[in-house]
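Below is one structure; the comments refer to it alone.
The values are calculated or read from the model by the stated rules, or taken from the named source; none is laboratory data. Bear in mind that the values here come from a model prediction, so they are computed numbers and not experimental data. Every residue, glycine among them, receives a Cβ derived from its backbone with ideal geometry; neighbour counts consider all protein chains shown.
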Amino acid sequence: MRVALHTEVRADRVAAYEAAHREVPAALTAAVRAAGATSWTIWRSGTHLFHLLECEDYARLLAELERLPVNVAWQARMADLLDVAHDYSRDGAGAGLPVVWELP
C-alpha cells in the first residue's frame, strides 16, 4: 500500500532537519524495513514536508515502530525540529492524505 503524509518542519530548523536526514541511523532504516516498508521518500516545499511510503500494512508498521527504542530516539530528535510530527500512535494510521486523483 502507498501512504502519503504531511508534516511540517520549524522554519528555523530546516537546515538541521535536512542534516539529520543525511545521517539516519542504519538501525532505524533496518527497523523501518523490518516493519514492512519498502520505500519512503520525503519532499520539502518551504516548511511543508510530504512523505510517500510504500509498505505492506501501515497500521502494523506504526505498531511495530511506536515503542522501538531506535525509533523513539529518532522521534525525540525530530520533535525538536518539527511543528507537525509524524504520528506513530494507533491514531496515526488514519493520518494519511486522501487520494484525489491518480493517472490511470
May I ask you to list the residues in the stretch 68-93 that are assigned to a loop (DSSP other than H, G, I, E, B) and at pLDDT 95 or above?
L68, D80, L81
Selection count where residues are charged (D, E, K, R), touching a strand residue (DSSP E or B) at 6+ places or on another chain (Cβ under 9 Å), in a helix (DSSP H, G or I) and free of Cβ contacts under 8 Å to residues at least 40 places away in the same chain, scope the stretch 6-47
1
Looking at (1) more than 23 Å from W101 (Cα to Cα); (2) in a strand (DSSP E or B), which is the one condition that is false for V3?
(1)
Which condition number in (1) more than 13 Å from the chain's Cα centre (by Cα); (2) under 25 Å from A15 (Cα atoms) is the one that R67 fails?
(2)
Only listed residue being over 21 Å from G96 (Cβ atoms), among the hydrophobic types (A, V, I, L, M, F, W, C) and in contact with a Leu (Cβ under 9 Å, 6 or more places away or on another chain), chosen from V32, V24, V70:
V70
